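The values are calculated or read from the model by the stated rules, or taken from the named source; none is laboratory data. Just so it is clear, the model here is predicted, and its values are computed rather than measured. FYI the Cβ positions are ideal-geometry reconstructions off the backbone, even for glycines, and counts take in every protein chain you see. All accessible areas refer to the heavy atoms of the entire protein, side chains included, with ligands and DNA or RNA removed. Shrake-Rupley method; radii C 1.70, N 1.55, O 1.52, S 1.80 Å.
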Amino acid sequence: MVKKLIFILTIFTSINSFGQTTLFSLKTIDFSKHEKWGPNQSNYSQFGVGYGFIVGSAEKYINIKDANATYITLNLRYKKKLNNVFAFGFDIFHNANTYQIKQINGKVFPDTLNHFKEYVNESDLGTGIFIRINFYHFNNSKRGNYLGNFIDLGISGSWVYSLYQSTTNKINMLKIKEITRGFDFFNKYYYSAFFRFGIDKTSIFLATRLSNLLKSTNTFPDLPPFSLGMEVSF
Amino acid sequence: MLKTLLFLLILSIQSFISISQQAYRVYLTDKGNQQFDPYTFFDEKALLRREHEHLPIYDVTDLPVFKEYIDCISRLSDSISVCSRWFNFVKVYISSDKQYYQIKSLPFVLNIEESLPVKLLECSLNQTTDDNNLLTKQTQRMGSKYFKEKGFDGTGIRIAIFDGGFPEVNTHEAFAHIRNSGRLLKTWDFTKNKEFVYYSSSHGRQTFACVGGIYDSINIGLATGSEYLLALTEVGSEPFQEEEWWLAAAEWADQNGADIISSSLGYGHQRYFTSDMDGNTSLVVKAAEMAVRKGILVVNSAGNEADKKWKGIITPSDGDSVLAVGGIDPNTDYHIEFSSYGPTADKRLKPNVSAYGHVITAGKNGITSADGTSFSCPLVSGFAACAWQAKPELTVMELFHELEKSGHLYPYYDYAHGYGIPQAAYFTNQINENIETFEVIDSPAFYTVVIKPARFNNTDWLQDMNLLYYHYADAGGYLSSSEIIAVESVSPLVLQKANFKEGDIVRIHFRGHTKTINF
């Protein structure tokens, strides 16, 4: 009888039970599971931003202002881990290259005119493939879920979709800026080889163009082919 | 310009690759032909421990690494540091592939593994002592009065503390009782191979105080009568330390007669995946397990990872014979937010027990508050010393299991608290009679938990929080989830039978009483 009364009481009060304050709740985590995606898991993708300089010897290439010839790159990268040392992957990227042209006597690119300031901006979309070698862990190859220290070697192809020349001239203290498009002396596509040296999500990037950016039918030499910069990924 | 940039690039890569020599562990095939006298090699207490644990006076793992092998490897490497007798390896530093292959080709070399670092547990400090009661509560919560009544203060137990430095331990008043009675037996800095350890990270001062310090006549930890060995196993300004130093310190502790190792350090995400936390993978856990096999109780912090991506315990807490200690929030009396969750990757219960993860400990001057399972661990180490003094007949694994059984939640457990906070009354045979604090009413569709009226209002300060614990387990005891609810009515929990399948288990704990429902 007492039990029945308690039961009725508990059914009645159980309505309140759902209002009890849960102070702590833990759903058991399966720590034995290996995630499929992660910096040192089977698959990994990351978004990266890079900035650097375009360089090349003045004698061989068009004379550009080294420190002012820059590139900005945005990329999306996928990496497939093969083992603790080797991986491969591909990039999809967007590059914006700006070539500040030195205003010197005998200048031929993109025209013979000298300006107060002049640069050529080339934007391209591209894709690349690379192999990755992780090092420092050669003999035991143990690291946690980190990219670790690595070298990437790869090749890429780019499609030039935008190109313009920007000139600034001073006339009576007045600065006049002009944008000119429609040059036909650029190739639509070019190919590069690149090298990355990375420590986790930061890397130093070195690339060299393997094909000319300017058409070979032009009378002037090509633009400098080397780019060197830093890249940070997220 | 290009040449300069290329030069800088190559230089930076080159300098990175050769920042330091590579370190390797060279494992050897045997220990050669050597004479070994355990009576001169071991401290008397180490021999007594072996006798107590029914172990042979020595075995092959106790023999030092063969000197001729060390000399030979030494000639082929830049330098050598740790030599492990337990695992029969020599740690070497080399700077060329040639050296690597020369050493590898030696007939007595079994294999070579790269050596990487281990990390001291992070902790946060608060220089204000915001809770004056906390200093008393942190030992009181473990039932310190029962040990005190019986005079158990860890006397006769030798504790080795591994940490990143022990500044002010040679001057601070919290350790005066230990220094003045000559119970600070030995110290060794494994990072620099010297005796002086009273410098570098203050972490060691704080953890040591939580084992056996006294401040203003109040115990910071419980083992105020124990003997101590201090091992500095962490490079001062660096956040890293190598696993081998932990192993070397464990071998040193064994040789010098330690009964307990208190270690508030561990390693997780930098080198391992959570799936590696299986008690078999890291060198540190193998060293800790070996120490237990030599009869030493190894107490280790569970880790401070619960509120980070890692979430789980860190090694060597994953060892099945390592007593992993989780953290309790003194304000709520349950899991403190950062304390790492179990189980291990192979689904064993961790942490094993818990203690306060927010404590008052020895500051540079006076006392300070500090957070971390780094402090839960030494509180339990001090407790274990008193427990072993109370029950000296226990072997190390018997003590391990008794410590679990003394937990305030036992036989209830979960992956945040283990069996809860060890209670001194268990070891002094003054544990309260198991009073039924609630009952479970079985009806056709429900199980209803009903709190006994007399237990609903309780004035005991230790149990005034009305916490009801329950977990869902499978037939093997593996939990799928656990919860704590605040009991605010006489029937705080109703379980719908339809939600369970045959073989499921629900275990409920309220104020010292546990009931199990088997579906």
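When you go through A:F138, A:F195 one by one, which is the residue that is modelled with pLDDT under 85 and within 14 Å of chain B (Cβ to nearest Cβ)?
A:F138
Scan the range B:490-506 and tell me whether some residue there is of a type in the set (D, E) and not in a loop (DSSP other than H, G, I, E, B).
no
Which of (1) in contact with a strand residue (DSSP E or B) (Cβ under 9 Å, 6 or more places away or on another chain); (2) within 14 Å of another protein chain (Cβ to nearest Cβ); (3) surrounded by 18 or more Cβ atoms within 10 Å (Cβ to Cβ) does A:N145 not meet, given it meets every other one?
(1)
Exactly one condition in (1) within 17 Å of the chain's Cα centre (by Cα); (2) surrounded by fewer than 24 Cβ atoms within 10 Å (Cβ to Cβ); (3) in a loop (DSSP other than H, G, I, E, B); (4) not basic (K, R) is false for B:W310; which is it?
With respect to (1) within 17 Å of the chain's Cα centre (by Cα); (2) surrounded by fewer than 24 Cβ atoms within 10 Å (Cβ to Cβ); (3) in a loop (DSSP other than H, G, I, E, B); (4) not basic (K, R), B:W310 is out only on (1).
Of everything in the range A:34-57, what is outside any strand (DSSP E or B) and either open to solvent by less than 20 Å² (accessible area, probe 1.4 Å) or more than 7 Å from chain B (Cβ to nearest Cβ) (or both)? Give them in sequence order.
Answer for the range A:34-57, where residues must be outside any strand (DSSP E or B) and either open to solvent by less than 20 Å² (accessible area, probe 1.4 Å) or more than 7 Å from chain B (Cβ to nearest Cβ) (or both): A:E35, A:K36, A:G38, A:P39, A:N40, A:Q41, A:S42, A:G56.
So, of the residues in the range B:324-360 that are over 18 Å from the mean Cα position of the chain (by Cα) and in contact (Cβ under 8 Å) with a residue 60 or more places away in the chain, which turns out to be surrounded by the most Cβ atoms within 10 Å (Cβ to Cβ)?
The selected residue is B:I360.
Working only within the range B:143-193, note down all residues that are part of a strand (DSSP E or B), touching a residue at least 60 places away in the same chain (Cβ under 8 Å) and not basic (K, R).
So the first thing to find is which residues in the range B:143-193 are part of a strand (DSSP E or B), and the list is B:158-163, B:165, B:184-189.
Then keep just the ones that are touching a residue at least 60 places away in the same chain (Cβ under 8 Å); that gives B:158-163, B:165, B:185-186, B:188.
B:I159, B:A160, B:I161, B:F162, B:D163, B:G165, B:L185, B:W188 - these are the residues of the range B:143-193 that are part of a strand (DSSP E or B), touching a residue at least 60 places away in the same chain (Cβ under 8 Å) and not basic (K, R).
Search the range A:149-169 for residues that are more than 14 Å from chain B (Cβ to nearest Cβ) and pair each with any residue that is outside any strand (DSSP E or B) and basic (K, R) when their beta-carbon atoms are under 8 Å apart and the residues are at least 6 apart or on different chains.
A:W159/A:K188; A:V160/A:K188
I'm checking my understanding of the structure. Among residues of the range B:475-507 that are β-branched (V, I, T) and facing another protein chain (nearest Cβ under 7 Å), which one is farthest from A:K27 (Cα to Cα)?
B:V490
Just to be sure I understand, how many residues within the range B:98-156 are within 25 Å of the chain's Cα centre (by Cα), over 30 Å from B:D307 (Cβ atoms) and either at pLDDT 95 or above or hydrophobic (A, V, I, L, M, F, W, C) (or both)?
Number satisfying all stated conditions: 9.
Among the residues that make up the range A:104-122, is at least one of them within 14 Å of chain B (Cβ to nearest Cβ) and farther than 28 Å from B:A23 by Cβ?
no
Residue by residue, here is whether (1) touching a Cys at 6+ places or on another chain (Cβ under 8 Å); (2) assigned to a loop (DSSP other than H, G, I, E, B); (3) closer than 20 Å to B:A355 by Cβ holds:
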position: B:H269; (1), (2), (3): no, yes, no
position: B:G295; (1), (2), (3): no, yes, no
position: B:G303; (1), (2), (3): no, yes, yes
position: B:G327; (1), (2), (3): no, no, yes
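Any residue that is modelled with pLDDT under 95, farther than 20 Å from B:V284 by Cα and not in a loop (DSSP other than H, G, I, E, B) - is there at least one of those in the range B:197-209?
Within the range B:197-209 (the criterion being modelled with pLDDT under 95, farther than 20 Å from B:V284 by Cα and not in a loop (DSSP other than H, G, I, E, B)), the answer is yes, since at least one residue qualifies.
Just need a number here: residues in the range B:393-427 that are farther than 25 Å from B:A46 by Cα, open to solvent by 10 Å² or more (accessible area, probe 1.4 Å) and assigned to a loop (DSSP other than H, G, I, E, B).
Total satisfying the criteria: 6.
B:G221 - would you say it is part of a loop (DSSP other than H, G, I, E, B), within 24 Å of B:F147 (Cα to Cα) and open to solvent by 10 Å² or more (accessible area, probe 1.4 Å)?
no
Can you work out which of the residues in the range B:269-280 that are in contact (Cβ under 8 Å) with a residue 24 or more places away in the chain and out of contact with any strand residue (DSSP E or B) (no Cβ under 7 Å at 6 or more places or on another chain) is farthest from the other protein chains (Cβ to nearest Cβ)?
Applying the filter and picking the extreme gives B:G279.
I'm checking my understanding of the structure. Among residues of the range B:478-504 that are surrounded by fewer than 19 Cβ atoms within 10 Å (Cβ to Cβ) and under 33 Å from the mean Cα position of the chain (by Cα), which one is farthest from B:H335 (Cα to Cα)?
My answer is B:D504.
Identify, by number, the condition in (1) in contact with a strand residue (DSSP E or B) (Cβ under 6 Å, 6 or more places away or on another chain); (2) open to solvent by 20 Å² or more (accessible area, probe 1.4 Å) that A:N187 doesn't meet.
The single condition A:N187 does not satisfy is (1).
Give the residues of the range A:173-217 that are out of contact with any helix residue (DSSP H, G or I) (no Cβ under 7 Å at 6 or more places or on another chain) and aromatic (F, W, Y), sorted by residue number.
A:F183, A:F185, A:F186, A:Y189, A:Y190, A:Y191, A:F194, A:F195, A:F205
Based on what the data block shows, is A:F226 modelled with pLDDT of 90 or more, surrounded by 15 or more Cβ atoms within 10 Å (Cβ to Cβ) and within 14 Å of chain B (Cβ to nearest Cβ)?
Against the criterion (modelled with pLDDT of 90 or more, surrounded by 15 or more Cβ atoms within 10 Å (Cβ to Cβ) and within 14 Å of chain B (Cβ to nearest Cβ)), A:F226 does not qualify.
Would you call B:S321 open to solvent by less than 10 Å² (accessible area, probe 1.4 Å), more than 10 Å from every other protein chain (Cβ to nearest Cβ) and either touching a residue at least 60 places away in the same chain (Cβ under 8 Å) or in contact with a Lys or Arg (Cβ under 6 Å, 6 or more places away or on another chain) (or both)?
Against the criterion (open to solvent by less than 10 Å² (accessible area, probe 1.4 Å), more than 10 Å from every other protein chain (Cβ to nearest Cβ) and either touching a residue at least 60 places away in the same chain (Cβ under 8 Å) or in contact with a Lys or Arg (Cβ under 6 Å, 6 or more places away or on another chain) (or both)), B:S321 does not qualify.
Each row is one residue, and each column tells you yes or no for (1) surrounded by fewer than 23 Cβ atoms within 10 Å (Cβ to Cβ); (2) among the hydroxyl-bearing types (S, T, Y); (3) in contact with a helix residue (DSSP H, G or I) (Cβ under 8 Å, 6 or more places away or on another chain).
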{"residue": "B:F175", "(1), (2), (3)": "no, no, yes"}
{"residue": "B:R179", "(1), (2), (3)": "yes, no, no"}
{"residue": "B:F190", "(1), (2), (3)": "no, no, yes"}
{"residue": "B:E195", "(1), (2), (3)": "yes, no, no"}
{"residue": "B:G204", "(1), (2), (3)": "no, no, no"}
{"residue": "B:F208", "(1), (2), (3)": "no, no, yes"}
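Any residue at all in the range B:358-371 that is within 14 Å of chain A (Cβ to nearest Cβ) and out of contact with any helix residue (DSSP H, G or I) (no Cβ under 9 Å at 6 or more places or on another chain)?
No: the range B:358-371 contains no residue that is within 14 Å of chain A (Cβ to nearest Cβ) and out of contact with any helix residue (DSSP H, G or I) (no Cβ under 9 Å at 6 or more places or on another chain).
Is it the case that some residue within the range A:209-220 is under 30 Å from A:Q46 (Cβ atoms), under 15 Å from the mean Cα position of the chain (by Cα) and at pLDDT 85 or above?
The answer is no; no qualifying residue exists.
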